[in-house]
Amino acid sequence: MLRLTSSTGKFTELLPDDFVIAVCKDKILFPLKNHEIYKGATAFDIGIHNEKRIVCMNLPNLEDGVPLRSFFAEAEPEIARIVAYASHLVWWRTLYKHCPSCGKLLKEHESERCLRCEECNENFYPVISPAVIVSVFKEGKILLAHNTNFPPGRCSLIAGFVEPGESLEEAVHREVMEEVGISIKNLRYLESNPWPFPNSLMAAFAAEWESGNLKPDGIEIERAAWYAPNDELPDLPPKGSVARKIIEEWLSQLIH
Ligand SMILES: [Zn+2]
């Protein structure tokens, strides 16, 4: 049973019984064995799992760590949630050391999970970047697209970051129009999940095609096509991603 703390995330001392997640940029080691040797290292208390305290820490050299993406793809949902939390928190605390305005060292807030500049009297909360992802359907087919950042052959749903001043729904309509040139209707919210690469929160939607022919923008999206469940599908996004989950739900006819 997992219980995540919501108001801490402060520096803590490692204790012998702790469940320790070590993070180093895009690698992870969980649970870290023999963590007594890291006594004195800075760690963050993030919650309780099976009555053990979970702490995470940043280790600069994690040679035997597993790439975060492959760990995330294989992990049970509850473990993936812990790992997402840990790597996001470590990313934030490692990056945000100084006040972006005056450059003074930031300090932990007394009672909230944020960093404080006493000089500027400003609080800096963990940075979370909202993104949207959408499964678009047309007559039982799903829209899959190849992004230029993907490995060759891989296709996924349309996704993108939310712009300042934009609602999640507006972001979905804009991304679909910009990337493949079509209008959508009957947009509905499905679910959300943290995506710690390094700091996203993905909000997933489903929608129906309304008008327009597929016209990939040629910048982010190289090609896009409608796929029926019986078609030979391209290489799909990795397990653990919300895109893969939605595509599999469509293949099982749970969503359309
Ligand atoms: Zn400052």
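No value in this document is a laboratory result; all are computed from the given coordinates. Here the structure is a predicted model, which is why all the values come from computation and not from measurement. Don't worry about glycine lacking a Cβ; one is built from the backbone with ideal geometry, like all the others, and counts go over all protein chains shown.
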| Kirkwood Rh in Å, taken over region 142-226 so that all alpha-carbon pairs contribute | 13.5
| said: Which aspartates and glutamates, if any, have their Cα less than 12 Å from the Cα of Lys97, not counting same-chain residues under 8 positions apart? | reply: Glu108
| said: Of the candidates Ile133, Ile48, Ile219, which one comes out as most mobile in a Gaussian network treatment of the chain with C-alpha springs shorter than 10 Å? | reply: Ile219
| query | What dipole magnitude, in Debye to the nearest 20, does the chain give about its Cα centre under +1 on Lys/Arg Cβ and -1 on Asp/Glu Cβ? | reply | 420
| remark: Checking Ser192, Ser135, Ser211 against a Gaussian network model of the chain (alpha-carbon springs below 10 Å), the top fluctuating residue turns out to be Ser211
| said: What is the sum of charges, Lys and Arg at +1 and Asp and Glu at -1, for the other residues whose Cβ falls under 11 Å from the Cβ of Lys97? | reply: +3
| R0 = 30 Å: FRET efficiency of Arg223 with Arg81, Cβ-based, nearest 0.05? | 0.35
| What is the extension gain from Asp26 to Arg174, computed as 0.36 nm multiplied by their sequence separation minus the C-alpha to C-alpha distance, in nm to one decimal? | 50.3 nm
| query | Taking the DSSP beta bridges in the chain as the whole, what percent of them are antiparallel, to the nearest 5? | reply | 75
| region 129-251 - share of DSSP beta bridges that are antiparallel (%, nearest 5) | 70
| field | 11 Å beta-carbon shell around Pro126, net charge (K/R +1, D/E -1) | value | +1
| request: Mind checking the full-extension length gain between His109 and Ser252? Use 0.36 nm per residue of separation minus the Cα-Cα distance, one decimal, nm. | output: 46.7 nm
| remark: Filtered hits (aspartates and glutamates, Cα-Cα < 17 Å from Lys25, offset >= 8 within chain) -> Glu63, Asp64
| field | Filter on Lys27/Lys239; Lys33/Lys104; Lys33/Lys107; Lys185/Lys215; Lys33/Lys245; Lys185/Lys245 - keep pairs with C-alpha separation over 24 Å | value | Lys33/Lys104; Lys33/Lys107; Lys33/Lys245
| said: What is the distance in Å between the Cα centroid of region 201-223 and that of region 62-131? | reply: 31
| field | Rounded to the nearest 20 debye, dipole of region 115-154 from Cβ charges on Lys, Arg, Asp, Glu | value | 460
| remark: Nearest 10, in degrees from 0 to 90: the angle of helix 77-95 to the longest Cα principal axis of the chain is 60
| remark: Only helices counted: for the chain, with every DSSP H run of 4 or more residues adding -39500 (n - 2.57) and the sum spread over all residues, [θ] at 222 nm is -6000 deg cm²/dmol
| said: Explain nothing, just the number: dipole magnitude of region 145-186 about its Cα centre with +1 on each Lys and Arg Cβ and -1 on each Asp and Glu Cβ, in debye rounded to the nearest 20. | reply: 260
| field | Crossing angle, helix 168-180 versus the chain [Cα axis fit, 0-90 degrees, rounded to tens] | value | 60
| note | If one builds a Gaussian network model of the chain from Cα atoms under 10 Å apart, the most fluctuating residue listed among Ala228, Ala207, Ala22 is Ala228
